[in-house]
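This report refers to the structure that appears directly beneath it.
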Number of protein chains: 2
Amino acid sequence: MSNKIKLGVVGYGNLGKGAVKAIKATEDLELVAVFTRRDPEALELDDPDAKAVHIDNAGNYQNDIDVMLLCGGSATDLPEQTPYFASMFNTVDSYDTHAKIPEFYQMVNEVATKHHTTAIISTGWDPGLFSLNRVMADAILPNGENYSFWGKGLSQGHSDAVRRVNGVKNGVQYTIPSEEAIEQVRSGANPELTKSGKHRRVCYVVAEKDADKAAIENEIKTMPNYFADYDTEVNFISEEELERDHSKAPHGGFVIRSGNTGEANKQIYEFSLTLDSNPEFTSSVLVAYARAAHRMSQENQFGAKTVYDVAPAYISPRSAEALRRDYL
Amino acid sequence: MSNKIKLGVVGYGNLGKGAVKAIKATEDLELVAVFTRRDPEALELDDPDAKAVHIDNAGNYQNDIDVMLLCGGSATDLPEQTPYFASMFNTVDSYDTHAKIPEFYQMVNEVATKHHTTAIISTGWDPGLFSLNRVMADAILPNGENYSFWGKGLSQGHSDAVRRVNGVKNGVQYTIPSEEAIEQVRSGANPELTKSGKHRRVCYVVAEKDADKAAIENEIKTMPNYFADYDTEVNFISEEELERDHSKAPHGGFVIRSGNTGEANKQIYEFSLTLDSNPEFTSSVLVAYARAAHRMSQENQFGAKTVYDVAPAYISPRSAEALRRDYL
């Protein structure tokens, strides 16, 4: 019997593929199966050792899996899947519809509390690591301002939202920060900036044959939470152009807090990521937080949790002694 | 009766002064008293509302203080003060002799566990926030390397160590990163660098009248943990020069992890600080972690703790609901 923490992966899109690779890069975690809505026999897994199982049979794995990594999208998958799986398993997800997190939390918390599971929601880098740094910087430097910038990069959540619009065959969305806004922040001017004032959103969309492009463009541009408040650009391209020019998923960004202490001493706190692959990094964060879900569940810390509730030691493969000796 | 968390500050050097200012910048914390080894009547506190008490009378304040912030130096103060105060109070300190942290932890843990107090050790930014980022980056990107760079900046712990050398009247120490090493890391080359290969240490020392300067220089350069492994430079200057040229305490640095995911996707994780005042920032971190010491103690989480054991929500003045709604 292996002492490794046993994981399942639900969904085999970009995030699920990244999760399978990220699990393989660890020494303390192992993949039991990938759960899919597709025909598992037909699913081509990158990893020859991995097993695909139909999602309807996941319930049979309650004794074999410590934590389920939920790798679906936030628009429609996770609002159904997280409560469903949290009734049977510890879970980790990357629910990223910021405006709806409080209700998502409440829904998941009720299920997980009732069924004695630990469900870590909204991990990844934003929400996730960026959220963590916003809160820590605010706690340490009360006299200051937080700024989060994203991109230039391809946004998983927003691309997912684009692809779910009626008549859209495929598509991607890039988030592009405003250079002018970045300059203002770095000057220490503490400007008042809205999220939509700091970024533009640019979509490249492949429409279904005979689809109403004007309707697609309108539905994207008016989509609440995702696009309605932004300067959004929608470009229609061919499947070939999408494949050729938009198949990579770079991303990044930074959280910066500019604050004062004492009389007028300026203190700049900054966290940044520069990512060749957004989904692989996001899934690497999910995989690290799977350790936390397993350990917190073993300590009867049940219910929905966020990155704010997780002591950093819980996500590390190393012992507390090793962390103090080698990393503190 | 105020609902604020009640704090004491032990020591009124740079760190203690910063702590008094940092407490005043919050809305949920209040200062009860500053405890000093000096004559409290003679201590000039920046804050007219603050009270100074002799350190020997601290024991009388067990019912009035929720957490003691220990603002002494790591070389000789904290190894005595942390166990002493942890037998009576929840504490937060910034013990920063990295090589001795395991034994310091064990000593404090025994006392705090026995007396049912919560003692958060080695907070600040390094150890502290940098440590946190080293561990999180390692947990998320197992295939990679961590690099920590410090400076250019004045190091509190090392200046303190210099000032405790026999014959030294006053002095400061600057840590200066190697430009060459930084270039290597930023290129993504993942070079093998030792801590001492990445930085130089430059000391400016005011000697006591008739002191043996050669002996001072030798004692500094051979001091274990602090200087022995480094390219260390010792300059003797006058008290006037020290006051004129070295009275500010800027610092900063960064933790960077360069790692790969999947086949060969490069992911760069970076945390950086640019500080006008190192002691004011360090004490702002201590003050934030005082919230955690108080809350963890209320939940019977006794013993010595490090930043790795503290869920981020514990350091924030905001409610869990507000964090999820406004920061996630």
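A short reminder: the numbers here are calculations on the coordinates, not readings from a lab. Being a predicted model, the structure only gives us computed values, none of them experimental. For neighbour counting, all protein chains shown are included, and Cβ atoms are generated from backbone atoms with ideal geometry for every residue, glycine included.
Using the 7 Å Cα-to-Cβ label point, sort the distances from B:ALA215 to its equivalents in the other copies shortest first and give them in nm to one decimal.
Reported distances to equivalent positions: 9.2 nm.
Which residue fluctuates the most in chain B, going by a Gaussian network model with Cα springs under 10 Å, if the choices are B:ASP66, B:ASP28, B:ASP212?
Between B:ASP66, B:ASP28, B:ASP212, it is B:ASP212 that shows the largest mean-square fluctuation.
In whole percent, what relative contact order does chain B give with Cα contacts below 8 Å and a gap of six or more residues?
21
If you find the alpha carbon centre of region B:148-203 and of region A:251-291, how far apart are they in angstrom?
24
State the Cα centre-to-centre distance between region A:18-69 and region A:302-318 in whole Å.
What the calculation gives is 22 Å, centre to centre.
With unit charges on the beta carbons (Lys and Arg positive, Asp and Glu negative) and the dipole taken about the Cα centre of the protein assembly as shown, which residue among B:LEU141, A:ILE220, B:THR91 sits farthest to the positive side?
Among B:LEU141, A:ILE220, B:THR91, the one farthest towards the positive end of the dipole of the protein assembly as shown is B:THR91.
Restricting to DSSP loop positions (anything but H, G, I, E, B) with no more than 16 other Cβ atoms inside 10 Å of their own Cβ, which trypsin sites (Lys or Arg not before Pro) remain in region A:144-246?
Values: sites: A:LYS152, A:ARG163, A:ARG164, A:LYS169, A:ARG186, A:LYS195, A:LYS198, A:ARG200, A:ARG201, A:LYS209, A:LYS213, A:LYS221, A:ARG244; in loops: A:LYS152, A:ARG164, A:LYS209.
Sites meeting the loop and neighbour criteria: A:LYS152, A:ARG164, A:LYS209.
Given the options B:HIS251, B:HIS199, B:HIS115, state which has the largest fluctuation in a GNM of chain B using a 10 Å cut-off (strictly under) for Cα springs.
B:HIS115
Shielding by partners for B:284-294, please: the mean number of other protein chain Cβ atoms within 10 Å of each residue's Cβ. Mind showing how you got there, number by number?
Working: counts 9, 4, 1, 3, 7, 2, 0, 1, 2, 0, 0.
Mean partner shielding for this stretch: 3.
Label-to-label distances across copies for A:LYS169, with labels 7 Å out along Cα→Cβ, in nm, shortest first?
Distances between equivalent label points, in nm: 8.3.
In nm, one decimal, shortest first: how far is the label point of B:ASP64 (7 Å from Cα along Cα to beta carbon) from the matching points in the other copies?
Distances between equivalent label points, in nm: 6.5.
What area, in nm² and to one decimal, does the C-alpha convex hull of the protein assembly as shown cast on average over all directions? All intermediate terms of the calculation are to be shown ahead of the outcome.
Numbers: hull surface 124.0 nm².
Averaged projected hull area, Cα only: 31.0 nm².
For the protein assembly as shown, give the magnitude of the charge dipole about the Cα centre (Cβ charges: +1 Lys/Arg, -1 Asp/Glu; no others), in debye to the nearest 20. Don't skip to the end; give the middle numbers.
Numbers: 66 positive and 94 negative charges, 126 e Å.
For the protein assembly as shown, the charge dipole is close to 600 debye.
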